[in-house]
Amino acid sequence: MNELLKAVDLGKDYLIPDGEILRVFSGLSFSLERGEIVAVMGASGSGKTTLLNLLGALDRPTGGRVFLEGEDLSSLDAVSLARVRNAKIGFVFQAFHLLPEFTALENVALPLLMGGAAKSEAMDRGRAMLRETGLESKSGCRPAQLSGGEMQRVAIARALVNRPAVLLADEPTGNLDWKTGESILRLLLDLHRKRGLASVLVTHNERVSALCEKTYFLERGLLERRP
Ligand SMILES: Nc1ncnc2c1ncn2[C@@H]1O[C@H](COP(=O)(O)OP(=O)(O)OP(=O)(O)O)[C@@H](O)[C@H]1O
Ligand SMILES: [Mg+2]
């Protein structure tokens, strides 16, 4: 069985002001195999980011479980969860989420340093990773000195520098013009294939979903495969 990431009976409720509870979904199932790339679409507010955050252990579900390489993430304490996240999951966000006071290279090297790598090794590997995303020449720039597309290349390098098994991207082309978005999409697909990742791309973009192997649609708490 090649199943890498699996969600079983997954549910998420948020506590909202006035003590009310917002149920985004419950009883949701999802599984992703090694090498597979899928798109998740759905209207704004349908819960796509919520789902991605649960799959990537950035948030804990209210119900159900997430398994990564067979390990039940709900059984882990916060420290172990952070370690699993750092080593096995690469995140890419719509708004890039780079640290503004660090250079591109420092941003990319950070997950390695957090994982305990020596500084010189982290910098070498960071530089090699930036080369793979086509941005080595800008490794000394801070995010404010980069274009949106370049920032996303840094963010992708940071997400993959630890050689994670899973890539989770939340609208990775959402803040980019069509042409830049297309080049970022090509880069993600290329790295996905080269590294044998299991990837989930949340998107509003039909072009992105057309290039994925499967598309799921999240609507009214249900996740359904789109034919
Ligand atoms: N931390 C939170 N606390 C309370 N409610 C939240 C929280 N995060 C999200 N929500 C609510 O949960 C629902 C799903 O939000 P989510 O961000 O997952 O949607 P989305 O599908 O990613 O939307 P978009 O396409 O606009 O990014 C929304 O109604 C939102 O208001
Ligand atoms: Mg979202």
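The values are calculated or read from the model by the stated rules, or taken from the named source; none is laboratory data. In this text the structure is predicted, and so the values were computed from the model without any measurement. Neighbour counts are summed over all protein chains in view; Cβ atoms, including those assigned to glycine, are modelled from backbone coordinates with ideal geometry. Please note that ligands, DNA and RNA were not included when accessible areas were found on the heavy atoms of the full protein model with its side chains. Shrake-Rupley method; radii C 1.70, N 1.55, O 1.52, S 1.80 Å.
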For the range 200-207, indicate whether the set of residues that are exposed (fewer than 13 other Cβ atoms within 10 Å of the Cβ), over 22 Å from Thr133 (Cα atoms) and not hydrophobic (A, V, I, L, M, F, W, C) is non-empty. yes
Identify the residue in the range 38-57 that is farther than 21 Å from Pro164 by Cβ and not polar (S, T, N, Q) and, among all such residues, is farthest from ligand 1 (Cβ to nearest atom). Met41
Conditions (1) over 20 Å from Met41 (Cβ atoms); (2) part of a loop (DSSP other than H, G, I, E, B); number of the one not met by Thr180: (2)
Residues located in the range 31-40, provided they are open to solvent by less than 10 Å² (accessible area, probe 1.4 Å) and more than 11 Å from ligand 2 (Cβ to nearest atom): Leu32, Ile37, Val38, Ala39
Could you name every one of the helices (runs of 4 or more DSSP H) located completely within the range 48-158 that has at least 2 residues being away from ligand 2 (no atom under 16 Å from the Cβ), in contact with a Lys or Arg (Cβ under 7 Å, 6 or more places away or on another chain) and open to solvent by less than 70 Å² (accessible area, probe 1.4 Å)? 104-114
How about the range 2-21: which of its residues are open to solvent by 80 Å² or more (accessible area, probe 1.4 Å) and within 13 Å of ligand 1 (Cβ to nearest atom)? Leu15, Pro17, Asp18, Glu20, Ile21
Identity of the residue in the range 159-198, touching an Asp or Glu at 6+ places or on another chain (Cβ under 8 Å) and either surrounded by fewer than 19 Cβ atoms within 10 Å (Cβ to Cβ) or among the small types (Gly, Ala, Ser) (or both), that ends up nearest to Arg125 (Cα to Cα): Ala165
Taking first residues from the range 203-223 that are within 23 Å of Ser26 (Cα to Cα) and modelled with pLDDT of 90 or more and second residues anywhere that are assigned to a helix (DSSP H, G or I) and hydroxyl-bearing (Ser, Thr, Tyr), the pairs with Cβ under 7 Å that are 6 or more apart or on different chains are Thr203/Ser209; Thr215/Ser209
